[in-house]
Amino acid sequence: MVQRLAHRGPDGQGVWTGGPDGRIGLAHSRLSIIDLAGGHQPMGNEDGAIQVVFNGEIFNHIELRAELIAQGHTFRTHSDTEVIVHLYEQVGEAFVDHLNGQFAIALWDGRQRRLVLARDRTGIRPLFFTWTPDGLAFASEVKALFALPEVPRALDVGALGETFTYWAPLPGHTVFQGIDALPPGTLMVVDAQAPDVRASARLHRYWDWDFGDGDFSADTHDRSGGTHQGEDLAEELRALLIDAVRLQLRADVPVGAYLSGGLDSSIVTTLIKHFTDTPLRTFSLTFDDAEFDESAQQAELVAHLGTSHSSLRCSRADIAQAFADTIWHTEAPVLRTAPTPMMLLARHVRESGFKVVLTGEGADEVFGGYDIFKEARIRRFMARQPQSKVRPQLIDRLYPYLRHSPAAARVLAQRFFAEGAEHAHQPHFGHHPRWQTTQRIWQFFSPDVRAQLAGWNHLAALEAHLPASHAGWQPLQRDQYIEAHTLMSGYLLSSQGDRMAMAASIEGRFPFLDHRVIEFGNRLPPRYKLMGLTEKYLLKRSVHGLLPEGIRTRTKQPYRAPDSACFFEQGRALDWVAELLSPARLADAGLFDAQAVGKLMAKCAQGRAIGFGDNMAFVGVLSTMLLHERFVRAH
């Protein structure tokens, strides 16, 4: 099992066995970043009763160590791993409440004879588990579980339906039958002494996004002293971000940063430059396709900061060549090729001698940066006066970065944005258009798969995952919660984040996902996130004077890469693509309708797949077939 995870930790491996009748086993594959000499895992306490393996970082380990020493604990190493051991000894299961970090933790408590699994608050680090005839198996990646011959290999049709709706399976689910994911912010405790060990498993959600009663204007007014509310909040946010960046720079190896040219990564790199002593080394992606390229903005900030910088140019051929490898690491279908360039960039970072990079991920979810939030605001605005001729003109202010903007065809765009207006009060209202577009992929499913999905309601399934308190939240807050628990945790932090970085033995860190930053953002009135149609209003205000104005005030341009066009040359599919999507292979997998996929391929070959729907469908079908090929058919 641990050999399957060598890419996540090429610097060493360790195994510990013990517990009742030697039936407990912990193994670790190490990427050494803190205490290079002394941080080997598994790691135990003085008498060996507590044993821990964990993937990730505890950023406040220095402060926790000082507190634990004051309480009488003795440390043998300088690693953050040992902090977990002693913290658990001190406070038990509540140890997770004290951690500022990104982690997947497995802890064996030999005194209580129980196993504790824990995952960080936002799901940055993955943790999967499955029940076998012998008990519980868990790992950082599914491929490690497949090292066990008793674990079946089959795709879960229901989870495919979720993926081709929300972009990822719902929290706790995976696309493999019988394999679950520990949800973000969750603790799982298993009693090894119980007559039925599986029945003893207890899940506890120790942290979640919370917007209180949905109205924080009075609270923030009192805290800020009235008239200077916005400026005071901006200063508070800037100080909080500086501290988050400072903590996440902690390492005993060099730390770099991604620089996309957008606001979020620019803020991270600027804070490193102006408020820390860390030498600033930055990395970025550029593209041959001008629609996706942000090299001009990258160059502007590099010149402004004087950073030591290198970029990796990514072509369509590069994406096609590395895409199969991407899916081996995502262990899930993807709807865009965007993860592949991120994997190639991580390789470049590793070849440059770095193991750690800071990124700007999370700012859009916390501070209201995505188009989907603006779309939802316009749709709710239109729904209040559906006959208005003026309100639909706001659609023209969306997607300035797109060559083929959905807003260009005014009549179609107006009809699209008006759809579902009668459900404006529902929590899923903001996401409904995206999910409808994504669900167009369902038309490519085989009749058997469609029959298995018949009767499944994606709105009811999503609502079952919402906390009871969501009814009191404001619309933007509900939109943020759903975004953070579907696209962010299930796709951006997984397929496009952890998996692409770890494929190259690189650790990504995310200052905007420091839980203190999220909690601060959740206390803000929505107007400080989305001011009219100006996204991330307070975040932009907090860095006034630090960034070039063109970057600080620039409209959000999501990171994207060429999609279906990568897999066709001169009107023909690449040979491996044609083979994988041939009628015979599609029939063998039984997941997709060969005739429908053939028509889609013909459209792509002719260069007519220019919309989101067609591109997502093609990449989704191709990635699912690669997943089936590598994990199911080949074995």
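The values are calculated or read from the model by the stated rules, or taken from the named source; none is laboratory data. All values reported here derive from a predicted model rather than from experimental measurement. Counting neighbours? That spans all protein chains shown, and the Cβs are built from the backbone with ideal geometry, glycine included.
Points to keep in mind about this one:
- Taking the stretch 313-323 as the range and being surrounded by fewer than 17 Cβ atoms within 10 Å (Cβ to Cβ) and outside any loop (DSSP other than H, G, I, E, B) as the test, the residues that pass are Arg313, Ala317, Gln321.
- In the set (1) under 18 Å from Thr278 (Cα atoms); (2) in contact (Cβ under 8 Å) with a residue 60 or more places away in the chain, the condition left unmet by His309 is number (2).
- Boolean, Val96 is of a type in the set (A, V, I, L, M) and under 22 Å from Gln13 (Cβ atoms): no
- Residue under evaluation Met616, criteria (1) in a loop (DSSP other than H, G, I, E, B); (2) outside the structural domain of Thr286 (by TED's automatic domain parsing); (3) buried (at least 19 other Cβ atoms within 10 Å of the Cβ), criterion not met: (1)
- Candidate set from the stretch 213-244 (those that are farther than 13 Å from Leu538 by Cα and of a type in the set (Asp, Glu)); member that is modelled with the highest pLDDT: Asp243
- Condition met for Thr278 (outside any helix (DSSP H, G or I) and either over 24 Å from the mean Cα position of the chain (by Cα) or surrounded by fewer than 16 Cβ atoms within 10 Å (Cβ to Cβ) (or both)): yes
- Scoring Phe283 on the criteria (1) surrounded by fewer than 19 Cβ atoms within 10 Å (Cβ to Cβ); (2) in contact (Cβ under 8 Å) with a residue 24 or more places away in the chain; (3) not small (Gly, Ala, Ser) leaves a single failure, condition (1).
- Single residue of the stretch 519-542 satisfying the filter (surrounded by 20 or more Cβ atoms within 10 Å (Cβ to Cβ) and among the aliphatic types (A, V, I, L, M)) that is farthest from Leu312 (Cα to Cα): Leu524
- The stretch 513-530, residues that are in contact (Cβ under 8 Å) with a residue 40 or more places away in the chain, in a helix (DSSP H, G or I) and touching a Ser or Thr at 6+ places or on another chain (Cβ under 9 Å): Leu513, His515, Ile518, Arg523, Tyr528
- Filtered residues of the stretch 290-309 (kept if surrounded by 15 or more Cβ atoms within 10 Å (Cβ to Cβ) and outside any helix (DSSP H, G or I)): Phe292, Asp293, Glu294, Thr307, His309
- Counting residues in the stretch 473-496 that are surrounded by fewer than 18 Cβ atoms within 10 Å (Cβ to Cβ) and either part of a helix (DSSP H, G or I) or in contact (Cβ under 8 Å) with a residue 12 or more places away in the chain (or both) gives one or more.
- Scan of the stretch 1-24 for residues that are surrounded by fewer than 16 Cβ atoms within 10 Å (Cβ to Cβ) and either over 24 Å from the mean Cα position of the chain (by Cα) or not in a loop (DSSP other than H, G, I, E, B) (or both), ordered by number: Gln3, Asp11, Gly12, Val15, Thr17, Pro20, Asp21, Gly22, Arg23
- Residues satisfying the stated conditions in the stretch 562-588, i.e. small (Gly, Ala, Ser) and surrounded by fewer than 20 Cβ atoms within 10 Å (Cβ to Cβ): Ala565, Gly571, Ala578, Ser582, Ala584, Ala587
- Of all the listed residues (Ile34, Ile24, Ile58), the sole one being in contact (Cβ under 8 Å) with a residue 12 or more places away in the chain and touching a Lys or Arg at 6+ places or on another chain (Cβ under 8 Å) is Ile34.
- Test result for Gly101, among the small types (Gly, Ala, Ser) and modelled with pLDDT under 95: no
Results for (1) in contact with a Lys or Arg (Cβ under 9 Å, 6 or more places away or on another chain); (2) farther than 16 Å from Ser446 by Cα; (3) assigned to a helix (DSSP H, G or I); (4) not assigned by TED's automatic domain parsing to the domain that holds Phe444, shown as yes or no for each residue.
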position: Arg554; (1), (2), (3), (4): no, yes, no, no
position: Glu579; (1), (2), (3), (4): yes, yes, yes, yes
position: Arg585; (1), (2), (3), (4): yes, no, yes, yes
position: Gly598; (1), (2), (3), (4): no, no, yes, yes
position: Cys604; (1), (2), (3), (4): no, yes, yes, yes
position: Ile610; (1), (2), (3), (4): yes, yes, no, yes
position: Val621; (1), (2), (3), (4): no, no, yes, yes
position: Leu626; (1), (2), (3), (4): no, yes, yes, yes
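- Pairs where the first residue, in the stretch 162-187, is farther than 27 Å from Asp97 by Cβ and free of Cβ contacts under 8 Å to residues at least 40 places away in the same chain and the second is surrounded by 23 or more Cβ atoms within 10 Å (Cβ to Cβ) and among the small types (Gly, Ala, Ser), C-beta under 6 Å, 6+ apart: none
- Residue count for the stretch 40-65 under the criterion of being part of a strand (DSSP E or B) and over 29 Å from the mean Cα position of the chain (by Cα): the result is 2.
- Selection within the stretch 313-329 - touching a Phe, Trp or Tyr at 6+ places or on another chain (Cβ under 9 Å) and of a type in the set (Gly, Ala, Ser): Ser315, Ala320, Ala324
- The lone exception for Gln71 - which of (1) closer than 23 Å to Ser32 by Cβ; (2) surrounded by fewer than 23 Cβ atoms within 10 Å (Cβ to Cβ) it fails: (1)
- For Leu546, the requirement of being touching a residue at least 40 places away in the same chain (Cβ under 8 Å), closer than 30 Å to Ala594 by Cβ and surrounded by fewer than 23 Cβ atoms within 10 Å (Cβ to Cβ) is not met.
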